[in-house]
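Trainee: Take a look at this one; I'll ask things after.
The values are calculated or read from the model by the stated rules, or taken from the named source; none is laboratory data. Keep in mind it's a predicted model, so treat the numbers as computed, not measured. Using ideal geometry, Cβ is built from the backbone for each residue, glycine included, and neighbour counts are taken over all protein chains shown. Surface accessibility is based on the protein's heavy atoms, side chains included, excluding ligands, DNA and RNA. Shrake-Rupley method; radii C 1.70, N 1.55, O 1.52, S 1.80 Å.
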Amino acid sequence: MAITGNLRTMQLSELLQWLSMGQKTGTLAIRGVAGEKRVYFQNGRIISSSSTIEREYLGHFLVSYGYITDEELTKAMEVQEESKILLGKILVMIGAIAEEDLVELIRIKACETIYDIFLWPEGAFQFIDGEIPQRPMVPIAIDVTGIVMEGLRRYDEWLRIRQRVPSMKDVPAVVAPVPVESLAEPQRLILRAIDGVRNLAEIAEATHNPDFPVAKLVFDLLESGHVE
């Protein structure tokens with residue numbers, strides 16, 4: 001049984017809570033302007049996610065968190081193409097990331113994939129009851145309540161960010177030294193990409209990041225006077 005609708009008429013938070021409370025097992029597919037995302041449920045808990053947006057692929061996500069370089073990603077993808085082994089397993093085999101770190105990053109990636117949907121103004125969705133991928137997946141189980149709370153918090157913050165960063169076409173420039181020791185590795189990667197030439201969308205693409213963390217860092221640096 002498939003359930004369909006649009007995020008214009010049913011908020012993502014309500015949809016996720018309905019699936020959770022109903023202890024649903026199946027696939028939630030949501031298609032927006034940026035692409036399509038899928039969230040997989042088992043007994044009302046999120047067990048995985050996927051996205052057609054390239055920068056949300058696992059390899060690109062690991063680059064944004066500083067675990068691997070673009071060059072290492074390219075080599076790993078070449079090995080994957082030849083061997084058909086899962087990319088995550090290849091990266092563990094070559095020592096690019098520890099297995100326990102990979103599991104945690106996959107959990108974070110699943111969360112970030114969903115958080116981004118909270119910022120979509122609309123999106124056609126379909127829930128396919130009982131259908132989940134048969135391909136092997138790293139086992140995770142994420143409670144929906146925490147996802148909804150953080151997603152709504154980011155939506156509110158996004159509205160605040162947009163007051164100073166109205167467009168991803170804006171070009172930021174560093175005007176004062178930024179204390180990098182206070183930044184996490186993904187933020188340092190974004191900061192290094194701010195060159196006064198690339199706009200926010202190009203920075204997001206170059207650093208394999210969604211729009212939110214890029215705009216959020218630039219907003220914070222605008223507030224502190226480090227960026228114009």
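Trainee: Just name the residue that is surrounded by the fewest Cβ atoms within 10 Å (Cβ to Cβ) out of those in the range 3-26 that are closer than 18 Å to Trp120 by Cβ and hydroxyl-bearing (Ser, Thr, Tyr).
Mentor: The selected residue is Thr9.
Trainee: Please tell me if Val144 is surrounded by 15 or more Cβ atoms within 10 Å (Cβ to Cβ), at negative phi and in contact with a His (Cβ under 9 Å, 6 or more places away or on another chain).
Mentor: On the way: surrounded by 15 or more Cβ atoms within 10 Å (Cβ to Cβ): yes; at negative phi: yes; in contact with a His (Cβ under 9 Å, 6 or more places away or on another chain): no.
Against the criterion (surrounded by 15 or more Cβ atoms within 10 Å (Cβ to Cβ), at negative phi and in contact with a His (Cβ under 9 Å, 6 or more places away or on another chain)), Val144 does not qualify.
Trainee: Can you list residue pairs whose Cβ atoms sit under 8 Å apart, with the first residue in the range 180-207 being over 15 Å from Val63 (Cβ atoms) and the second being hydroxyl-bearing (Ser, Thr, Tyr)? Count only pairs 6 or more apart in sequence or on different chains.
Mentor: What qualifies is Leu200/Ser167.
Trainee: Out of the range 1-31, which residues are under 16 Å from Glu131 (Cα atoms) and assigned to a strand (DSSP E or B)?
Mentor: Restricting attention to the range 1-31, the residues satisfying the condition of being under 16 Å from Glu131 (Cα atoms) are 1-4, 19-20, 22-30.
Hits for the range 1-31 are Ala2, Ile3, Thr4, Gly26, Thr27, Leu28, Ala29, Ile30.
Trainee: Turning to a different aspect of this structure: Can we say Ala215 is among the hydrophobic types (A, V, I, L, M, F, W, C), within 19 Å of Thr113 (Cα to Cα), surrounded by 12 or more Cβ atoms within 10 Å (Cβ to Cβ) and modelled with pLDDT under 95? Spell out the reasoning first.
Mentor: On the way: among the hydrophobic types (A, V, I, L, M, F, W, C): yes; within 19 Å of Thr113 (Cα to Cα): yes; surrounded by 12 or more Cβ atoms within 10 Å (Cβ to Cβ): yes; modelled with pLDDT under 95: no.
When the stated conditions are applied, Ala215 does not pass them.
Trainee: Take Ala34 and decide whether it is open to solvent by 60 Å² or more (accessible area, probe 1.4 Å) and assigned to a loop (DSSP other than H, G, I, E, B).
Mentor: yes
Trainee: Something else: Report yes if some residue within the range 28-42 is aromatic (Phe, Trp, Tyr) and at pLDDT below 90; otherwise report no.
Mentor: Scanning the range 28-42, I find no residue that is aromatic (Phe, Trp, Tyr) and at pLDDT below 90, so the answer is no.
Residue-by-condition table, conditions (1) basic (Lys, Arg); (2) within 30 Å of Ala2 (Cβ to Cβ):
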| position | (1), (2) |
| --- | --- |
| Gln134 | no, yes |
| Val138 | no, yes |
| Asp143 | no, yes |
| Ile147 | no, yes |
| Glu150 | no, yes |
| Arg188 | yes, no |
| Ala206 | no, no |
| Leu221 | no, no |
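Trainee: Assess whether Gln42 counts as being farther than 18 Å from Ala206 by Cα, touching a Ser or Thr at 6+ places or on another chain (Cβ under 7 Å) and open to solvent by 20 Å² or more (accessible area, probe 1.4 Å).
Mentor: Numbers: farther than 18 Å from Ala206 by Cα: yes; touching a Ser or Thr at 6+ places or on another chain (Cβ under 7 Å): yes; open to solvent by 20 Å² or more (accessible area, probe 1.4 Å): yes.
Yes: the conditions hold for Gln42.
Trainee: Additional query: Pick from the range 147-170 the residues that are open to solvent by 40 Å² or more (accessible area, probe 1.4 Å) and in a helix (DSSP H, G or I): which of them is farthest from Thr113 (Cα to Cα)?
Mentor: Arg160
Trainee: Being touching a Leu at 6+ places or on another chain (Cβ under 9 Å) and within 29 Å of Ala184 (Cα to Cα) narrows it down to one of Ala34, Ala76, Ala110, so name that one.
Mentor: Values: Ala34 fails: touching a Leu at 6+ places or on another chain (Cβ under 9 Å); Ala110 fails: touching a Leu at 6+ places or on another chain (Cβ under 9 Å).
On inspection, the qualifying residue turns out to be Ala76.
Trainee: Another question, then. Please go through the range 123-143 and pick out each residue that is within 20 Å of Arg31 (Cα to Cα) and either over 17 Å from the mean Cα position of the chain (by Cα) or at pLDDT below 95 (or both).
Mentor: The initial filter retains those residues of the range 123-143 that are within 20 Å of Arg31 (Cα to Cα), namely 123-133.
Ala124, Phe125, Gln126, Phe127, Ile128, Asp129, Gly130, Glu131, Ile132, Pro133, listed by residue number.
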